[in-house]
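Okay, so here's the structure we're looking at.
The values are calculated or read from the model by the stated rules, or taken from the named source; none is laboratory data. Values in this document were obtained by computation on a predicted structure and should not be read as measured data. Virtual Cβ from ideal backbone geometry, glycine too; neighbours counted across all protein chains shown. Ligands, DNA and RNA are stripped out before the accessible areas are found, and what is left, the full protein with its side chains, is counted by its heavy atoms. Shrake-Rupley method; radii C 1.70, N 1.55, O 1.52, S 1.80 Å.
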Amino acid sequence: MAISEKLIESVVSEVVEQIKSKAGTDGYRFSVPIGISNRHIHLSLKDMEILFGKGYELKKIKDLKQTGEFACEEKVTIVNIINGNEKSIEAVRILGPLREATQVEISMNDARKLKLNPPVRNSGELDGSEPVRLVGPNGYIDLKQGCIIASRHIHLSPIDAQKTGLKSGQIVDVAIRGEKPGIIGNVQCKVKDSFVFEIHLDTDDGNAFLQKDGDIAEILTK
Ligand SMILES: [Zn+2]
């Protein structure tokens, strides 16, 4: 019967896939928890004081998984004025602590809404990135640059790096399981004492693969 042949075929290919994955024919696989990063903003002291007032202090509401990083109560509006039309996204969360330079991290979906064209960048690499306006309760700033789509990355402590053999700056592929699986490429490993083992994806990637915070991905190493 055609149906049972088809079934056998599919069972065989499933078993072969499982053996392949267990044998690790193309290297080792390390499970890593997924953290989905919603749009957010890191502020410099100067910009924070323009948006919220001189001497203002950000109010922490929650520690993030990465040591020392936290979500703040404060939110601002991202604005882009194009041909006299104002495009905006309200209530964008501020993350602490303060940084040297203000950085606005959005998804491509957000960028389309705002009619912006930010580059895909590593955090902190802002030269020539997209200009944008931020509006807070005390004032606004026109940033000459600072808006990016964050590149996919994995946070590792030096111990995680040692265990996995991954090096800072190394680019890896990561397999995502589930109902909409796939392999994502160009994922950069970042090693720092304060880091906790976690892959950070933006909401576009998270939604495309139906992943949520705490789901598990597999790092593919060759
Ligand atoms: Zn991150």
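Annotations
- Springs between Cα atoms under 10 Å define the GNM used for the chain, and in it the highest mean-square fluctuation of Gly165, Gly206, Gly35 occurs at Gly165.
- Helix content alone sets the calculated 222 nm mean residue ellipticity of the chain: runs of n ≥ 4 DSSP H residues at -39500 (n - 2.57) each, divided across all residues, give -6500 deg cm²/dmol.
- Amide hydrogen neighbours beyond the local backbone of Asp173, cut-off 5 Å, H modeled: Leu220
- Antiparallel DSSP beta bridges within the chain, percent to nearest 5: 70
- Within the accessible area of the chain (1.4 Å probe), percent carbon and sulfur: 52
- Look at the alpha carbon pairs under 8 Å that are at least 6 residues apart: their mean separation over the length of the range 15-153 gives a relative contact order of 25 percent.
- Vicinal HN-Hα couplings computed from phi for the range 181-189 (Karplus, 6.51 cos²θ - 1.76 cosθ + 1.60; Hz; Gly/Pro x): x, x, 10, 9, x, 6, 9, 8, 7
- Taking amide H as placed 1.01 Å from N in the peptide plane, Ser37 has its amide H under 5 Å from the amide H of Leu201, Asp202, Thr203, each at least 5 places away in sequence or on another chain.
- Net length available on complete extension from Ser194 to Leu64 is 45.6 nm, with 0.36 nm assigned per residue and the Cα-Cα distance removed.
- Taken one residue at a time, the phi angles of the range 40-49 give Karplus couplings (6.51, -1.76, 1.60, θ = phi - 60°) of 7, 9, 9, 10, 7, 4, 4, 5, 4, 6 Hz. Gly and Pro are set to x.
- The HN-Hα couplings worked out from phi for the range 93-104 by the Karplus form 6.51 cos²θ - 1.76 cosθ + 1.60 (θ = phi - 60°) are 5, 8, 10, x, x, 4, 10, 5, 10, 6, 9, 10 Hz, whole numbers, x standing for Gly and Pro.
- If you run the Gaussian network model on the chain, springs between alpha carbon atoms under 10 Å, then out of Ile82, Ile50, Ile199 the most flexible one is Ile82.
- Residue pairs, from the table Lys62/Lys190; Lys46/Lys167; Lys46/Lys75; Lys62/Lys167; Lys192/Lys212, whose Cα atoms sit over 27 Å apart: Lys46/Lys167; Lys62/Lys167
- Here the gap between Glu73 and Asp173, fully extended at 0.36 nm per residue and compared with their Cα-Cα distance, gives a gain of 32.5 nm.
- Other residues within the sphere of radius under 12 Å centred on the Cβ of Pro33, judged by their own Cβ, net out at -3 (K and R +1, D and E -1).
- Between the amide H of Ser151 and those of Arg121, Asn122, Ser123, distances stay under 5 Å, these residues lying 5 or more places away or on another chain, with hydrogens modeled in the peptide plane.
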